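Below: one structure, written as structure tokens.
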Amino acid sequence: MKHFPLARAAELLELILRGRLPADQQMQAYFRKHRNMGVNDRGFVAETVYGCLRRKRLLEHFLGPSPAAQDTVAAYLAAVQGWSARALEQAGCRPGIREQVAHIRATDVSALPAAVRADMPDWLYERLAAQLGEAETLALAAALNQPAPVDLRANTLKTTPAEAAALLEQEGYPTEPGALSPVCLRRQARSPLFKTRAFSEGLIEIQDEGSQLLAPLLEPRRGEMVVDFCAGAGGKTLHLGALMDNTGTLYAFDVSARRLDQLKPRLRRAGLDTVRSVVIEHERDPRVLRLRGKIDRVLVDAPCTGLGTLRRNPDIKWRAHALDEITALQRRILAAAAELVKPGGRLVYATCSPLHEENEAVIEAFLAEQPEFSILPAGAILARRHVPISLPETTPALHLYSHRHPTDTYYAVALERAPRA
């Protein structure tokens, strides 16, 4: 494979499939190492590699198990991008590519097993089909196999969505309003937004529109004490701080110092000075337990399989997931976070996963052990927050599915601790 970007795509795909780090981290490291690549070549390589990861199951059906990365790239370009055999030959693909393309063209994809059409491993397809049925699972898979748009959240401490959109348009990056979040702006095309005034001045943050609905479910108020229990790099912490109008006290807990370090410059840009970042050893760290019964609201965006983010992270579905260990951790974190909530306070549990085991099953077990807590209907909360989503007000939990909503796939439920008698 002599064509420069095709060879680079095959090289990077091989590194990702053999490596242990997430695809986006390996891609960033690869591009840092090959700084001579032009913007167009980088764009082609990135989209081609992500495309191969999204459609890996189908491509292996055409090629057989464990195909060479260069064959996978060629098959993807033929099967999904519509490249002709001649174009692939001119790009330097191996001899025999004409026969391979003819085989691809002759295959009736609609007759393939459902898991192959879904581009999912069997275990994942079977779980989702048991939950949603075959038709819904295939529709969800098709949506998750599409690239995600770029979603932005306007920082209401500094601007309005309309003002942020106007500035971005002046800088050559027009946006459109989000469909669900009142503070969301969306771009279909990837672009260097980190270099814009809107970003450098803290008027916008990159955040999926579905993620932007979690802070409103918590409904934090001015002057309260609030905890973002699994803060990560702090995207939802920033949103909570804006909803609190930079008042009160907002704790950002995480077990990763590296992730919390990424929050520091974001806080400066956003103009937030009420956030206390705390690195904890585990969910029952003494720095957590000293806040027992003192916190008005706690957000638990729990560690999970991440399978709801496949539009952005397609490699996740091909990695091993110790589901029993993950759900055990989720239950421990939720139980520890619940201890912080004062009587009458609120706890929101969320994952970016469609799996029942990580969502409803965790909440059912929690409520069985914690009779002080009860579910607050998500439909009523989102109606109060002017979120235009078609949910009856009595709907207990928020389910966002990428084939029904223009977001990543999320689950979230709000719980209230009974007030003192």
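Annotations
- Looking only at segment 116-130, and only at residues there that are touching a Leu at 6+ places or on another chain (Cβ under 8 Å) and not β-branched (Val, Ile, Thr), the one that is nearest to Gly51 (Cα to Cα): Asp119
- The residue that is nearest to Arg221 (Cα to Cα), among those in segment 245-292 that are without any contact (Cβ under 8 Å) to a residue 12 or more places away in the chain and within 22 Å of the chain's Cα centre (by Cα), is Pro265.
- Given (1) under 29 Å from Glu126 (Cβ atoms); (2) at pLDDT 95 or above, number of the condition Arg346 does not satisfy: (1)
- Which numbered condition Leu59 misses (of (1) modelled with pLDDT under 95; (2) closer than 23 Å to Ile316 by Cβ): (1)
- Single residue of Gln100, Gln131 found to be assigned to a helix (DSSP H, G or I), open to solvent by 50 Å² or more (accessible area, probe 1.4 Å) and touching a helix residue (DSSP H, G or I) at 6+ places or on another chain (Cβ under 8 Å): Gln131
- Scanning segment 221-246 for residues that are open to solvent by less than 30 Å² (accessible area, probe 1.4 Å), assigned to a loop (DSSP other than H, G, I, E, B), touching a Ser or Thr at 6+ places or on another chain (Cβ under 9 Å) and more than 17 Å from Ile204 (Cβ to Cβ) yields a total of 4.
- Looking only at segment 368-395, and only at residues there that are among the β-branched types (Val, Ile, Thr), assigned to a loop (DSSP other than H, G, I, E, B) and open to solvent by less than 80 Å² (accessible area, probe 1.4 Å), the one that is farthest from Pro419 (Cα to Cα): Ile389
- Scan segment 135-171 for residues that are among the polar types (S, T, N, Q), open to solvent by 10 Å² or more (accessible area, probe 1.4 Å) and part of a helix (DSSP H, G or I) and the total you get is 1.
- Any hit, segment 375-389, residues being within 23 Å of the chain's Cα centre (by Cα) and without any contact (Cβ under 8 Å) to a residue 40 or more places away in the chain: yes
- Only residues that are open to solvent by 10 Å² or more (accessible area, probe 1.4 Å), touching a Lys or Arg at 6+ places or on another chain (Cβ under 7 Å) and part of a loop (DSSP other than H, G, I, E, B) were counted in segment 396-421, giving 1.
- Of all residues in segment 37-56 being within 13 Å of Arg8 (Cα to Cα) and open to solvent by less than 20 Å² (accessible area, probe 1.4 Å), the one that is modelled with the lowest pLDDT: Met37
- Summed over segment 334-356, the residues that are farther than 17 Å from Pro396 by Cα, open to solvent by 10 Å² or more (accessible area, probe 1.4 Å) and within 25 Å of the chain's Cα centre (by Cα) give a count of 2.
- Which numbered condition His34 fails, given (1) open to solvent by less than 50 Å² (accessible area, probe 1.4 Å); (2) within 17 Å of Arg319 (Cα to Cα): (2)
- Among the residues making up segment 61-81, those that are open to solvent by 50 Å² or more (accessible area, probe 1.4 Å) and either in contact with an Asp or Glu (Cβ under 6 Å, 6 or more places away or on another chain) or not hydrophobic (A, V, I, L, M, F, W, C) (or both) are His61, Pro65, Ser66, Gln70, Gln81.
- Residue ID - nearest to Leu58 (Cα to Cα), chosen from residues in segment 103-128 that are among the acidic types (Asp, Glu) and outside any helix (DSSP H, G or I): Asp119
- Residues in segment 17-39 that are out of contact with any Asp or Glu (no Cβ under 7 Å at 6 or more places or on another chain), outside any loop (DSSP other than H, G, I, E, B) and closer than 21 Å to Arg54 by Cα: Leu17, Arg18, Asp24, Gln25, Gln26, Met27, Gln28, Ala29, Tyr30, Phe31.
- Close pairs (7 angstrom Cβ cut-off, 6 or more residues apart or separate chains): over 15 Å from Ala7 (Cα atoms) and free of Cβ contacts under 8 Å to residues at least 24 places away in the same chain in segment 87-103, among the hydroxyl-bearing types (Ser, Thr, Tyr) and not in a loop (DSSP other than H, G, I, E, B) anywhere: none
The values are calculated or read from the model by the stated rules, or taken from the named source; none is laboratory data. What you see is a predicted model; the values in this text were computed from it and never measured. Every residue, glycine among them, receives a Cβ derived from its backbone with ideal geometry; neighbour counts consider all protein chains shown. We work out accessible area using only protein heavy atoms, side chains counted, and drop any ligands, DNA or RNA first. Shrake-Rupley method; radii C 1.70, N 1.55, O 1.52, S 1.80 Å.
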